[in-house]
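Below: the structure, in structure tokens.
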Amino acid sequence: MRAFAPHRARSSAPRCCGGRPGLQQQSRPALRHAGAARPGSLQQQLSSGGRGAALACSRVPAAVHAAPAEQPPSSWAPLLARPAAGAARCSGSGSGVGSRARGRRPRGASSAPLRVVALDKDEGCEQPPESAGILPEDAQRLALGGSQDSSRNGSSSLPFLPGASKAGGGAGAVAAAGSRPASPTAAVAASAASAAAAGAGGAGGEAAAAGARALYPPAERSQIQESWDTLMRWSRTFRQRQANSLSPIEAADKVVVFGGGSFGTAMGTSLALKKASLDVVLLLRDPYLCKDINTRHANTKYLPDFSLPPNVRATTDAAEAIAGASYAVHAVPVQHSRAFLGSIRDVLPKDVPIVCVSKGLEVGSGCMMSEVIPSALGRRQPAVFLSGPSFAKEVMQGRPTGVVAACKELALAREIQELFASPNMRVNTSTDVTGVEICGALKNVLAIAAGIVEGLDLGHNALAALIAQGCAEIRWLSQKVGAKPATISGLSGLGDIMLTCYGDLSRNRSVGVRLGRGEALADILASSSQVAEGVATAGVVVGLARKYRVSLPVLTAVAQVLDNNLAPAEAVAAVMNLPQIEER
């Protein structure tokens, strides 16, 4: 399922006279009641000001004090005094909302003068093209075919405006967060009255303004809301169609996880939380860790700070773990996968799908996991490859995460998508297995390079330049291998690269940081309980690049540093002094 994002119209923000920012950068309190318009009042003056206007007014001070209030700059006087059509004049008394056309402050006023400038309708606001869409044709038909949203009759509440009210009629309804102004002129009147309320309310009025501010002009707000409503209607229709079918998680009684590392444990936990009766079994080699998981309900070695659900257990018996399992999650490191899969070949049923979350290239053969699995089992096994920006700790914390399920059989990819999808996890599908796997392997090597730059304290400019160059090298090699461009720029490509290169929880990046600070690789690996796949993958990547005749300066330099042929600083200097070439 593709991820859709609503189209966002752009706007050139109107500005106050004198070149100061307008309403878009300042607060506006909600109007608490309508009130009758007095003769000569601000509302009456604005009501005859033309077709529409956009408001830009100054912020009212939070507290009333004895100090003299700021006078408007002299450059504002012509605009404040001009009575031409389309211009707004400020008036009022007592509350200090504004002065007469000359821009003076009333005597004894306790708040700053209101500065209002009227603009023609839609002036300076770029509108999206008529053809701009947020959904494919079939999805648009589903969305537009649904019931009309309450926003069309003006009674809906905008989700980004807290304290919305559905009260209608008068200026109060205009200023209420949930209702759209009937015209830009009405918005000016409501905003001016809101400023008056802020002046009277002091700090309380300013606090209300922070929550009731409207960022976009009415026309643009309407377009944004309609785009969002269309997306939500499509989502409801799509889910209603799925509700009649039995989901994979409901049909499954047991899932086995190969490996008890951090990510395997996190993925098993995410499934266990979706269904309390699901039996999630971790197949481990370490009997002590197995005992801790079963008695203390915690992975004390890799995720000691998290409690595991009661339906997660561990065993060292492969036959017992696999028996009756509907799915098998493979989380064994790549370099140990061939031997492990060979050991369970006889007890793993041929029809049990393997969900592989291991990333990397096998040393010696250069094979990806999609090649290792059938080779080690000696047969074709249904398999889906899950990859994307996903730290195990954040999955355990229930933070939003997005991954990709890749399989040449799209139906199986969608089945795994439904298996893992939850309010905290989005799962996209893809048939580009090669692209998802090669990007997942190469990004680990680039993360080591990013860590080296961080360890050498070379700055943000250097880090950005290095990652950009590394992304280009990953693209060059991935396309030669057969990856699709959409995969490279998607979650399993660019998304995973960003997380691994910038995230503090990245194992490969941590290796690079310590190398940049002068530590020996052997000491780094000996002190870590988890595997950094990029260390073993770097040499394989160089061999793959030679096979496809692709030059990879950054990734090759990483292999040189890891092999102790270059110091980190020397590698950076050598790459920086390469001939200047055209970007490609």
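The values are calculated or read from the model by the stated rules, or taken from the named source; none is laboratory data. Everything quoted here is computed from the prediction, not taken from an experiment. Cβ placement follows ideal geometry from the backbone for every residue including glycine, while neighbour counts extend to all protein chains displayed. SASA here: full protein model, heavy atoms, side chains in, ligands and nucleic acids out. Shrake-Rupley method; radii C 1.70, N 1.55, O 1.52, S 1.80 Å.
Some notes on this structure:
- Taking every residue in region 542-566 that is under 24 Å from GLY518 (Cα atoms) and pairing it with any residue that is open to solvent by 30 Å² or more (accessible area, probe 1.4 Å) and not in a helix (DSSP H, G or I), at least 6 positions away or on another chain, the pairs with Cβ-Cβ distances below 8 Å are PRO553/LEU578; ALA557/LEU566; GLN560/LEU566; VAL561/ALA567.
- Residues in region 229-261 that are in a helix (DSSP H, G or I) and of a type in the set (A, V, I, L, M, F, W, C): LEU231, MET232, TRP234, PHE238, ILE249, ALA251.
- Candidate set from region 236-275 (those that are open to solvent by 10 Å² or more (accessible area, probe 1.4 Å) and in contact with a Phe, Trp or Tyr (Cβ under 6 Å, 6 or more places away or on another chain)); member that is farthest from LEU303 (Cα to Cα): GLY261
- Selected residue (criterion: farthest from the chain's Cα centre (by Cα)) from residues of region 471-489 that are open to solvent by 40 Å² or more (accessible area, probe 1.4 Å) and of a type outside the set (Gly, Ala, Ser): LYS480
- Matching residues, region 490-536, being under 30 Å from the mean Cα position of the chain (by Cα) and hydrophobic (A, V, I, L, M, F, W, C): LEU491, LEU494, ILE497, MET498, LEU499, CYS501, LEU505, VAL511, VAL513, VAL531, ALA532, VAL535
- Scoring THR537 on the criteria (1) open to solvent by less than 40 Å² (accessible area, probe 1.4 Å); (2) among the hydroxyl-bearing types (Ser, Thr, Tyr); (3) under 19 Å from GLY455 (Cβ atoms) leaves a single failure, condition (3).
- Boolean, SER307 is among the small types (Gly, Ala, Ser), open to solvent by 10 Å² or more (accessible area, probe 1.4 Å), in a helix (DSSP H, G or I) and on the phi < 0 side of the Ramachandran plot: no
- Within region 324-354, the set of residues being surrounded by fewer than 17 Cβ atoms within 10 Å (Cβ to Cβ), of a type in the set (A, V, I, L, M) and either without any contact (Cβ under 8 Å) to a residue 12 or more places away in the chain or under 26 Å from GLY534 (Cβ atoms) (or both) comprises just one member, ALA339.
- Taking the criterion of being in contact (Cβ under 8 Å) with a residue 40 or more places away in the chain and either part of a loop (DSSP other than H, G, I, E, B) or of a type outside the set (S, T, N, Q) (or both), the residues of region 483-495 that qualify are ALA483, LYS484, ALA486, ILE488, GLY490, LEU491, GLY493, GLY495.
Listed here are the residues, each with its yes/no results for (1) modelled with pLDDT of 95 or more; (2) in contact with a Pro (Cβ under 6 Å, 6 or more places away or on another chain); (3) of a type in the set (Lys, Arg); (4) within 18 Å of GLU437 (Cα to Cα).
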site	(1), (2), (3), (4)
ARG517	yes, no, yes, no
SER527	no, no, no, no
GLY534	no, no, no, yes
VAL554	yes, no, no, no
GLU583	no, no, no, no
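- Checked against the criterion of being in contact with a Ser or Thr (Cβ under 7 Å, 6 or more places away or on another chain), open to solvent by less than 70 Å² (accessible area, probe 1.4 Å) and closer than 17 Å to VAL445 by Cβ, region 565-578 contains not a single residue that satisfies it.
- Residue match in region 571-578 (condition: over 33 Å from the mean Cα position of the chain (by Cα) and in contact (Cβ under 8 Å) with a residue 24 or more places away in the chain): yes
- Residues of region 262-279 classified as in a helix (DSSP H, G or I) and either among the aliphatic types (A, V, I, L, M) or over 23 Å from ARG507 (Cβ atoms) (or both), total: 6
- From the options ALA441, ALA450, ALA421, ALA406, residue that is touching a Cys at 6+ places or on another chain (Cβ under 7 Å) and of a type in the set (A, V, I, L, M, F, W, C): ALA450
- Within region 280-304, if we keep just the residues that are part of a loop (DSSP other than H, G, I, E, B) and touching a residue at least 40 places away in the same chain (Cβ under 8 Å), the residue that is most open to solvent (accessible area, probe 1.4 Å) turns out to be LYS301.
- If you go through region 310-321 and keep only what is open to solvent by 10 Å² or more (accessible area, probe 1.4 Å) and assigned to a helix (DSSP H, G or I), you end up with ALA318, ALA319, GLU320.
- Residues that are closer than 14 Å to VAL513 by Cβ and touching a Ser or Thr at 6+ places or on another chain (Cβ under 8 Å), drawn from region 451-483: GLY451
- Selection of region 545-563 for residues being farther than 18 Å from GLY455 by Cβ and open to solvent by less than 30 Å² (accessible area, probe 1.4 Å) yields ALA545, VAL550, LEU552.
- Of residues in region 496-518 being in a loop (DSSP other than H, G, I, E, B) and open to solvent by less than 70 Å² (accessible area, probe 1.4 Å), the one farthest from ILE467 (Cα to Cα): GLY518
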